[in-house]
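The values are calculated or read from the model by the stated rules, or taken from the named source; none is laboratory data. Note that the structure is a prediction, hence the values are computed from the model and not measured. So basically every Cβ, Gly included, is an ideal-geometry build from the backbone, and we count neighbours across all protein chains shown. Note: areas computed on protein heavy atoms with side chains; ligands, DNA, RNA excluded. Shrake-Rupley method; radii C 1.70, N 1.55, O 1.52, S 1.80 Å.
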Amino acid sequence: MKKHNHSLQTIILLITLVFTVIIGGILSGITANFYNRYIKYTIVENTDANLSFMTDSVNRNIEELSRLVSFCQNHLYIGNFLKYSEYSAPSVAINAFERLCEEYYASPITSHIHRIIIGNDYDKYIQIVDPAYSTSQNVSVMTRELDIFKEQILSNQFNFSQGYIADPYVRRTGKSVLLIVSPISHTYSFVRGGYASFSLSESFFTAPMQYYSLPQDSSLYLTLGEHIYKMTPDSLLELQTENIQYALLQNSEMSASITAYSFHDAVSNQDGIIVTQPLSVEGCYISQMISSGELASRKPLYLIIIIAVTLLIMLIGILLSVILYKIINVPVGKIQKKLERVSAGDFSRDESIEWKHELGDIGRGINALSQNIERLMEERIQDEKDKKDLEYKMLQSQINPHFLYNTLNSIKWMAVTQGADGIAEMTTALSRLMRSIAKGTKILIPLRHELELVSDYFTIQQYRYGGSLKMNITVDDEDLYECLIIKFTMQPIVENAIFHGIEPKQTPGVIDIHVYKNNDCCICIDIRDNGVGISSDKIKEIFSEHPSGKTQLFREIGIANIQKRIQYEFGSRYGITIESELGEYTKMTICIPDRR
């Protein structure tokens, strides 16, 4: 037996070590990943706790803004001003302005509001404005023309979704403001009589950052509707987010109240995690990107974990390879020696290789194999001998078809010579019929050939019944002879008409075959006999079963089989239909497509 270059011990050792390294790497990776996730979500939770300071501070500003808006909507002086026109006493506007100033300067968010405008339907207004943002234009008219005014005046809730825009009243400053417009109703009425407009500076959101501890590699973001801004202590920088993809982080180790997203910036190819907390206004959020430096500081621990786990697994693998060698290598060596003896011609049974485990099953199989080899070889020799005998018998049983055709021709000419024209015609018909059956393997043949086959068959049956049968063939158009039909479609139907229609009636029979084209441009072949007819129940039985013909030659072809052959070849809309009247006639119509 051929010697191998590598021993089984070496192979087992190598395989064990390889799998040990792979398993060790996988387990190390899982452990490191678990540790990484734990650290990551710990940092996320710490960031979320710190972010609460910012959201609480901004929410207090929003709450104070809401109180100012509520003051404007409910104070009596403001309500009286809504009716103020050029015909009203100036004191009405002065009282409203003074009361508004008192409330404005008492508010803790005064420094974040550039302008407050109270306007009525008469385009009269009062305003409080930082001198740097003052203008001589009618700010009430300018306010009404703003798209933001039209969007917010119909809403009773704050709407920050429009984001910061360039100050529409004073373009020269280059400052951005957040406009808040709220409707004001007449006193003791729900009818809107004016509005209150607030221009909020960027410090409305950024002021709390001066008290917020933010790592150098971290950033704060403000979301107002579809607008996202990067926050700095002095300003808001709007970001283009088309190339940033977000995915919600979900983990059982993280609190359900924390909302965090993993993101990928396709432009900078940067990945990170953002912790988000909602503000008290719908669609507004403050987010913080967690510090990547804090995560990086924990990475050296990953390598230590991976090395420790891998070394442990490799040690276990080495011990396992030694054990496997002792358990497997010795039995396999004995099996090898047994195979060498079998190859040398020793087929005796060796019970020492039949252990009580899986290798023992192999040993028992080898013993059984060695004892059966000689018997199998003898059986193969006998099979070859039987095969040659069978081939010889098949050669003996072959008949040359030409010998049969020549014999029929001899019978025909003997009948002609002796004046037996009927025998000659019947022999000729049988010869042509057998040639049609034997020649070719085509499924589709021209209708002309199918009619010739039917005619030959009918000639034989006509002599059988002593001339009491008659068949008429009518083809409406010579061109129809060339249409294709499945071979042996019509013969079984003519046979059925003779044996099951005409013969039981005991009267001379007539079979009419009519070939024509119907209105759907399909080829129809009517085969009508004047036999006993078929009941409706029998018609259903014909198509539901597989009846056999009574002739020896066509015993496997029935009406139902013909129906299936037509539908398999041409489609379900084609096939055979039967029309019959008991005691009068039976007409079977074959419908096929016009193929050439």
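With the simple spin-label model, which puts each label point 7 Å out from Cα in the Cβ direction, the Cys521 to Glu581 separation comes to 3.5 nm. Restriction of the chymotrypsin sites (Phe, Trp or Tyr not before Pro) in the stretch 24-119 to DSSP coil positions whose beta-carbon has at most 15 other beta-carbons within 10 angstrom yields Tyr87.
In a fully extended conformation the segment linking Glu351 and Glu64 would gain 93.7 nm over its present Cα-Cα distance, using 0.36 nm per residue. The distance between label points at Ser155 and Ala368 comes to 8.3 nm (points 7 Å beyond Cα on the Cα→Cβ vector). For the pair Lys540 and Ala166, label points projected 7 Å from Cα toward Cβ lie 8.8 nm apart.
Rounded to the nearest 0.05, the FRET efficiency derived from the C-beta distance between Lys230 and Glu282 at R0 = 22 Å is 0.50.
The length gained by stretching the chain between Asp271 and Ile11 to full extension, at 0.36 nm per residue less their Cα-Cα distance, is 89.2 nm. Residues Ile381, Ile228, sorted by accessible area with the largest first, give Ile381, Ile228 [1.4 Å probe; ligands and nucleic acids excluded]. Counting only protein chain heavy atoms and rolling a 1.4 Å probe, the accessible areas of Arg375, Arg573 rank, largest first, as Arg573, Arg375. Here the stretch 13-46 is scanned for amide nitrogen atoms under 19 Å from the site 7 Å beyond the Cα of Val322 along Cα-to-Cβ, giving 13-21.
Between the beta carbons of Ser213 and Val330, assuming R0 = 60 Å, the FRET efficiency works out to 0.30 to the nearest 0.05. Gain on full extension, evaluated as 0.36 nm per residue between Phe34 and Tyr574 minus their Cα-Cα distance, stands at 187.5 nm. Measuring against 28 Å, Cα to Cα, the residue pairs Lys442/Lys470; Lys505/Lys538; Lys124/Lys175 contain Lys442/Lys470 as the ones spanning a longer distance. Residue order by solvent-accessible surface for Glu541, Glu63 is Glu63, Glu541, largest first, with ligands and nucleic acids left out and a 1.4 Å probe.
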